[in-house]
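Take a look at the structure set out below.
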Amino acid sequence: MVLEPIRLFFSRIPADPQFGPFVNRVKARTARGTFSLPINLLTINQFFGENFTPEAARRFVESIGDQSITDPVTFEDQALRFLGRELYENFFHGYTKKQWGVEPSALPASILQRLPVRFSYDDNYYNQTYQGIPLDGYTAIVERILDHPDVSVHVGETFKPASAQEYDHVYWSGPMDSYFDFRKGRLQYRSLRFERMDGHGDEQGNAVINYCEEHVPYTRVAEHKHFAPWESHADTVLFREYSSLAGDDDIPYYPLRLTDDKAMLREYVELAEAQREVTFIGRLGTYRYLDMHVVIAESLALAADVITHGIDETRAFSVRPLPSESVGDRISTSP
Ligand SMILES: Cc1cc2nc3c(=O)[nH]c(=O)nc-3n(C[C@H](O)[C@H](O)[C@H](O)COP(=O)(O)OP(=O)(O)OC[C@H]3O[C@@H](n4cnc5c(N)ncnc54)[C@H](O)[C@@H]3O)c2cc1C
């Protein structure tokens with residue numbers, strides 16, 4: 001019986017992995033200096049040399065926004081309308097271009113729906129209520145989940161869709177287009193190259209610094225010891241991230257979801273919905289940019305659905321990948 005192992009599987013997840021108190025406070029290196037990100041009251045006051053209150057800052061940002069743009073069509077129009085040229089050019093133009101490989105004037109306005117600015121001194125990168133890093137790391141959590149006699153792990157092997165018939169059901173977390181052997185074409189992804197740097201002491205002073213200038217070839221640098229501030233290490237490891245369009249042999253990281261991709265995605269969704277033996281899950285399987293907690297929540301909901309209704313009722317998607325989600329939520333932030 002298939003359902004019992006699923007129940008057992010979920011009973012193995014530790015109810016309370018211990019989390020250490022990490023809060024992501026990203027900094028942005030711009031042509032005018034280093035500032036706090038997302039743009040907040042401190043950023044605005046330091047960038048413009050002012051001492052605004054929240055309300056005064058709101059009025060000021062409104063006043064520098066380009067009000068002549070009444071019907072923004074592109075991301076650039078929208079950003080200029082919300083933020084004005086100085087903030088846009090220093091914080092968004094170069095970074096967006098490097099991260100997505102597209103001129104911001106070629107991206108649709110719809111992807112910047114919210115004003116990417118806070119009128120308070122809150123510099124927490126995330127809006128979530130809880131934030132932390134597991135004290136034993138993520139590997140330990142995953143090891144405990146997988147440590148069960150009914151779970152077998154095959155590393156270094158590629159699962160071939162042709163063998164799907166051998167199983168009761170397949171949950172596919174690989175790229176949706178690769179499941180169908182790219183028969184409708186290749187969906188576009190951004191890939192990353194990581195450059196490791198080793199050093200001593202504290203080289204950067206922060207977990208993440210974004211590099212907003214277009215001429216700096218990397219998008220951001222992470223110094224990993226700062227993700228675990230309760231630990232102490234004499235040495236340090238940093239990674240620079242370089243973004244590029246994923247070639248056929250690169251690891252796909254971020255779905256692009258530009259207009260052509262969305263048209264192709266529709267065709268793949270139709271193909272997927274014609275299958276009975278597979279459910280497409282996660283970031284690559286549904287071609288959406290998703291943070292971890294979203295993927296985990298969707299997977300738990302799917303598992304609960306399978307436990308309640310059985311595998312025969314499982315659909316190709318628990319969350320249909322169309323139509324609206326896009327690179328947008330990621331534009332105002334870093335990935
Ligand atoms: C640089 C970067 C930074 C990020 N930072 C954050 C962050 O700070 N916070 C956050 O919440 N999220 C972050 N994310 C997003 C997070 O990584 C994803 O939400 C999460 O990994 C998605 O989980 P998933 O299981 O859907 O996909 P993945 O983690 O990509 O897992 C899919 C797995 O399927 C495997 N696979 C694919 N095809 C096959 C095949 N044919 N056979 C066998 N195996 C296959 C792949 O190798 C991969 O291991 C970040 C992502 C990136 C790229």
Y121 vs (1) in a helix (DSSP H, G or I); (2) away from the ligand (no atom under 16 Å from the Cβ); (3) of a type in the set (F, W, Y): all pass except (1)
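To keep it simple, each residue is scored yes or no on (1) under 28 Å from the mean Cα position of the chain (by Cα); (2) assigned to a helix (DSSP H, G or I); (3) at positive phi.
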site	(1), (2), (3)
F52	no, no, no
E55	no, yes, no
E62	no, yes, no
Q78	yes, yes, no
F91	yes, yes, no
K98	yes, yes, no
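Within the range 157-176, is there a residue that is aromatic (F, W, Y), within 14 Å of the ligand (Cβ to nearest atom) and part of a strand (DSSP E or B)? If you could, list the steps in order and put the result at the bottom.
At the first step, the residues of the range 157-176 found to be aromatic (F, W, Y) are 159, 167, 171-172.
Adding the requirement that they be within 14 Å of the ligand (Cβ to nearest atom) leaves 159, 167, 171-172.
Now drop any that are not part of a strand (DSSP E or B), which leaves 171-172.
Looking for residues that are aromatic (F, W, Y), within 14 Å of the ligand (Cβ to nearest atom) and part of a strand (DSSP E or B), one finds at least one in the range 157-176, hence yes.
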Residue in the range 140-152 that is among the hydroxyl-bearing types (S, T, Y) and part of a helix (DSSP H, G or I) present:
no
Per the list (1) crowded, with 18+ Cβ neighbours inside 10 Å; (2) modelled with pLDDT under 95; (3) not assigned by TED's automatic domain parsing to the domain that holds Y167, residue check on W230 breaks on (1)
Which numbered condition F239 fails, given (1) within 13 Å of the ligand (Cβ to nearest atom); (2) farther than 25 Å from L107 by Cα; (3) modelled with pLDDT under 95:
(3)
Of all residues in the range 85-120, how many are closer than 23 Å to Y189 by Cβ, crowded, with 20+ Cβ neighbours inside 10 Å, in contact (Cβ under 8 Å) with a residue 40 or more places away in the chain and in contact with a Lys or Arg (Cβ under 9 Å, 6 or more places away or on another chain)?
4
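The values are calculated or read from the model by the stated rules, or taken from the named source; none is laboratory data. Predicted, not measured: the structure shown is a model, and the values here were computed from it. Neighbour counts run over all protein chains shown; Cβ positions are idealised from the backbone, glycine included.
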